[in-house]
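Colleague: Below is the structure I would like to discuss, written out as C-alpha cells.
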Amino acid sequence: MAASSLTIEQTLTLLEEAPTRIAAATRGLTEAQLHRAPERGEWSANEVLAHIRACADVRGESVRTILAEHHPTFRAVNPLTWIKKTNYLDLDFRPSFRAFAKQRADLLALLKPLPRKSWSRGATVTGAGAALERTVLFYAQWVAIHERPHVKQVERIARTP
C-alpha cells in the first residue's frame, strides 16, 4: 500500500467522498438489486458494503485508540475475521449504509479538527509478525486507499442491469 502518497487533505477528501459516492450509485436500487452479485463469484453491493464497514470498524478503532492513549500497544484485528463477528452480510443495504455513513461522519468529526502533529501520534501494533509502529495518518490513509476501488466496485455493480 502506497499510503504515504496521500496528503492529510487528500485522505480527508477520500474519506468524505466514499459515502456520498456509494449513496449516489445505489439511489433507486431495490434490496434485491443490492443483494445480487453481477456475476457468479463476485460480490453484491451489499457484500462490498459489509466489507467496507468491517475494515472501517477495525481501522477506525485503531485511530480512536491512538488518539485516546499515549502510544498504546494493541493487537491488529483482521477485518476478514471481524466481519464474521458481525451481522453486516445479513443486513438490508439501507440501514447498513446509514450505520456506515454515521460511522464515517463520526470519524471525520474526530480527524478534521486534529492539529497536524496529532496525525503522527503512534502505536505499537502486534499480532501480525513483528511489532509495527503505526500512526493516525497511516490508518486514515489505509481506509481511504482501500475503499477507493471498492467504491468504484459498488458504482460498477449499480450500473449492471
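Colleague: Those residues that are surrounded by fewer than 16 Cβ atoms within 10 Å (Cβ to Cβ) and among the hydrophobic types (A, V, I, L, M, F, W, C), I need them from segment 30-47; list them, please.
Modeller: Correct list: A32, A37.
Colleague: Among what's in segment 102-116 and is assigned to a helix (DSSP H, G or I) and not aliphatic (A, V, I, L, M), pick the residue that is most open to solvent (accessible area, probe 1.4 Å).
Modeller: Selected residue: R116.
Colleague: Hey, S62 hits all of (1) surrounded by 16 or more Cβ atoms within 10 Å (Cβ to Cβ); (2) closer than 30 Å to R159 by Cα; (3) within 16 Å of the chain's Cα centre (by Cα) but one; which does it fall short on?
Modeller: (2)
Colleague: Residue under question is A45, and the condition is that it be within 21 Å of K152 (Cβ to Cβ) and modelled with pLDDT of 95 or more; does it hold?
Modeller: Taking the combined requirement at face value, the residue satisfies it.
Colleague: Buried (at least 16 other Cβ atoms within 10 Å of the Cβ), modelled with pLDDT of 95 or more, within 20 Å of I157 (Cβ to Cβ) and within 17 Å of the chain's Cα centre (by Cα): which single residue out of A99, A25, A50 fits that description?
Modeller: Going through A99, A25, A50 in turn, the sole match is A50.
Colleague: Turning to a different aspect of this structure: Based on what the data block shows, is L80 within 16 Å of H150 (Cβ to Cβ), loosely packed, with under 14 Cβ neighbours inside 10 Å and within 15 Å of the chain's Cα centre (by Cα)?
Modeller: yes
Colleague: Here is a follow-up. Which pairs do you get when a residue that is assigned to a helix (DSSP H, G or I), found in segment 65-86, comes within reach of a residue that is surrounded by 15 or more Cβ atoms within 10 Å (Cβ to Cβ) and acidic (D, E), reach meaning Cβ atoms under 8 angstrom, with the pair 6+ apart or on two chains?
Modeller: Qualifying pairs under 8 Å: P79/D57; W82/D57.
Here's the yes/no breakdown for (1) of a type in the set (G, A, S); (2) without any contact (Cβ under 8 Å) to a residue 24 or more places away in the chain:
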position	(1), (2)
L107	no, no
G129	yes, yes
T135	no, no
F138	no, no
W142	no, no
P149	no, yes
K152	no, yes
R156	no, no
P161	no, yes
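Colleague: Can you work out which of the residues in segment 117-136 that are assigned to a helix (DSSP H, G or I) and over 19 Å from D57 (Cβ atoms) is most open to solvent (accessible area, probe 1.4 Å)?
Modeller: K117
Colleague: Of all residues in segment 65-77 being among the hydrophobic types (A, V, I, L, M, F, W, C) and under 25 Å from P115 (Cβ atoms), which is surrounded by the fewest Cβ atoms within 10 Å (Cβ to Cβ)?
Modeller: So, considering only residues that are among the hydrophobic types (A, V, I, L, M, F, W, C) and under 25 Å from P115 (Cβ atoms), the one surrounded by the fewest Cβ atoms within 10 Å (Cβ to Cβ) is A68.
The values are calculated or read from the model by the stated rules, or taken from the named source; none is laboratory data. Small disclaimer: the values here were computed from a predicted structure and weren't measured. For neighbour counting, all protein chains shown are included, and Cβ atoms are generated from backbone atoms with ideal geometry for every residue, glycine included. Ligands, DNA and RNA are stripped out before the accessible areas are found, and what is left, the full protein with its side chains, is counted by its heavy atoms. Shrake-Rupley method; radii C 1.70, N 1.55, O 1.52, S 1.80 Å.
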